[in-house]
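The values are calculated or read from the model by the stated rules, or taken from the named source; none is laboratory data. Keep in mind that what you see is a predicted model, and the values were worked out from it rather than measured. For neighbour counting, all protein chains shown are included, and Cβ atoms are generated from backbone atoms with ideal geometry for every residue, glycine included. Surface accessibility is based on the protein's heavy atoms, side chains included, excluding ligands, DNA and RNA. Shrake-Rupley method; radii C 1.70, N 1.55, O 1.52, S 1.80 Å.
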Amino acid sequence: MDKEIKEIFEKGLFKGKIKFNEPMSAYTSLKIGGPVDIMVFPEDPVSLRNALSTANKQDIPVFVFGAGTNLLVSDNGMDGIAISLKAFSMIEVIQNIENMEGWVTLFVEAGVPLKRLINFTRENGYAGIESLAGIPGTVGGAVYMNASSFGTEIKDVLLSIAVIDMKGKIAIMKKEEINFSYRASNLPQGLIILSTNIVLKKDTPENVAKRIKEFLAKKAATQPLKERSAGCVFKNPDGDYAGRLIDLAGCKGMAIGDVEVSSQHANYFINKGRATSDDFMKLMDIVNARVKEYSGVTLEPEIKIIGKDG
Ligand SMILES: Cc1cc2nc3c(=O)[nH]c(=O)nc-3n(C[C@H](O)[C@H](O)[C@H](O)COP(=O)(O)OP(=O)(O)OC[C@H]3O[C@@H](n4cnc5c(N)ncnc54)[C@H](O)[C@@H]3O)c2cc1C
């Protein structure tokens, strides 16, 4: 596998960095995760397509990641190729949209950090995603996860996405063709988001800045944003909050090894030092069992658990 990948690199069919045996812990907000066989950072769609078709021909598993802020990667690492779209980082205002007075359409590539997009909307006075301020990660990850906060989901402002499949075929999907649900896009397996078109309302930079500031303050007051976490571990069950149920079950502050249930927000598990994926999953099981015992609810993970079993 290394040989084929090295070959496309040497033949000039791949522009970008390639790393071997790269620890995923360096690419996740939890700072947990063993090595992936190969990590690639394609610089353009052609290089991405060449990497995908090489992997596809040889049946090598492919995993695309953004900023790794919703991932729990096994300490045993991952087989195959992890792809970063960091270089897909363009934000552009699309001009000449008919019947759209007062609105603006943006073309945003998947690797753009959500924070950069939020800053762009603040500087230009584009309204609609202020409440997503403070969510870490990339635009690709946000769309894949249908990231949401204070009642707004990223899908609310989405018009369409461009995707590439494992054979390198590119397609446009309109929002209506995507089966979005709470914290999920339910995209068919094997599709990678390349870019998005989103629509925002024109406002003044001052108004947008004010709302962003308010949402950021609310988020900082309720969530442990400065600690190592992957955000909410479990999805909120219908009509309730996972954090409330975990708190009710007396799990705040509970720890296994270096993984601890945050005492600020019980649905955040914190890596206090050298946490392992094993400890993290054990704590998830114990917390889930306690919640089931106290409330009768079985919580569903929101974080994506990936990599090789021990
Ligand atoms: C402190 C903190 C606070 C958070 N607060 C919130 C919150 O308020 N609301 C919320 O919804 N989430 C929150 N999160 C979770 C997380 O930030 C979001 O889910 C974010 O959108 C994930 O983006 P990412 O780029 O880090 O994706 P990753 O974690 O890298 O990946 C997540 C999933 O998306 C897939 N993916 C990533 N990029 C692509 C792509 N280009 N094409 C196809 N699939 C892709 C990956 O394969 C993976 O399955 C928080 C996390 C942290 C650490």
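Calculate what fraction, in whole %, of the accessible area of the chain sits on carbon and sulfur atoms when a 1.4 Å probe is rolled over the protein chains.
Carbon plus sulfur share of accessible area: 50 percent.
Quick one: compute the contact order of the stretch 255-303, relative version, from alpha carbon pairs under 8 angstrom and 6+ residues apart, as a percent.
Computed over the stretch 255-303, the figure is 28 percent.
What does the highest-first list of 160-169, 113-122, 289-298 look like by mean Cβ count within 10 Å? It would help to have the intermediate numbers written out before the result.
Numbers: 160-169: 16.9, 113-122: 19.9, 289-298: 14.1.
Answer by packing, highest mean first, reads 113-122, 160-169, 289-298.
Counting only other residues whose beta carbon sits under 15 Å from that of residue 175, what net charge do I get with K and R as +1, D and E as -1?
-2
Taking a cut-off of 23 Å between Cα atoms, list the lysines near residue 174, but don't count ones fewer than 8 places away on the same chain.
155, 201, 202
For a quick check of your reading of the filter: which chymotrypsin sites (Phe, Trp or Tyr not before Pro) in the stretch 191-288 sit in a DSSP loop and have no more than 12 other Cβ atoms within 10 Å?
none
For the chain, what's the relative contact order in percent, using C-alpha pairs closer than 8 Å and at least 6 residues apart?
Relative contact order of the chain: 18 percent.
List the residues whose amide H sits under 5 Å from the amide H of residue 79, counting only those 5 or more places along or on another chain, with H placed 1.01 Å from N in the peptide plane.
308
When a/c reaches 1.5 or more, the comparison of a/b and b/c decides; with that in mind, is the stretch 242-306 rounded, prolate or oblate per its Cα gyration tensor?
Here the stretch 242-306 falls in the prolate category.
Nearest 5 is fine: what % of DSSP beta bridges in the stretch 1-145 come out antiparallel, could you say?
Numbers: 12 of 20 bridges.
Taking every DSSP beta bridge with both residues in the stretch 1-145, the antiparallel ones total about 60 percent.
Note down the net charge around residue 153, summing +1 for each Lys or Arg and -1 for each Asp or Glu among other residues with Cβ under 12 Å from its Cβ. Mind showing how you got there, number by number?
On the way: positive: 155, 175, 183; negative: 156.
Its environment carries a net charge of +2.
Relative contact order (percent) for the stretch 74-168, with alpha-carbon contacts under 8 angstrom and 6 or more residues of separation?
Numbers: 97 pairs, mean separation 19.6, N = 95.
Relative contact order, the stretch 74-168: 21 percent.
Could you tell me which of the pairs 17/86; 19/272; 115/219; 115/226 are separated by over 21 angstrom between their Cα atoms in the structure shown?
On the way: 17/86 11 Å; 19/272 28 Å; 115/219 14 Å; 115/226 15 Å.
In this structure, 19/272 exceed 21 Å between Cα atoms.
Once every DSSP H run of n ≥ 4 in the chain is given -39500 (n - 2.57) and the sum is divided by its residues, what mean residue ellipticity at 222 nm do you get, rounded to the nearest 500 deg cm²/dmol?
Computed ellipticity for the chain at 222 nm equals -8500 deg cm²/dmol.
When a/c is below 1.5 the answer is rounded, else prolate if a/b is larger than b/c, else oblate, so apply that to the chain with a ≥ b ≥ c taken from the square roots of the Cα gyration tensor eigenvalues.
oblate
Would you please classify the overall shape of the stretch 91-222 from the alpha carbon gyration tensor, given that a ≥ b ≥ c denote the square roots of the eigenvalues, rounded means a/c under 1.5, and beyond that prolate means a/b larger than b/c while oblate covers the rest?
Oblate.
Which order do the peptides 78-89, 178-189 come out in when sorted by mean C-beta neighbours inside 10 angstrom, highest first?
Ranked by mean Cβ neighbours within 10 Å, highest first: 78-89, 178-189.
Calculate, for the chain, the solvent-accessible area per residue in square angstrom, rolling a 1.4 angstrom probe over the heavy atoms of the protein chains.
With all protein chains present, the chain gives 49 Å² per residue.
Provide the packing ranking of 191-204, 219-232, i.e. peptides ordered by the mean count of other C-beta atoms within 10 Å per residue, highest first. Mind showing how you got there, number by number?
Numbers: 191-204: 19.7, 219-232: 16.8.
Top to bottom by mean Cβ count within 10 Å: 191-204, 219-232.
So how far, in whole Å, is the C-alpha centre of the stretch 35-92 from the one of the stretch 254-302?
28
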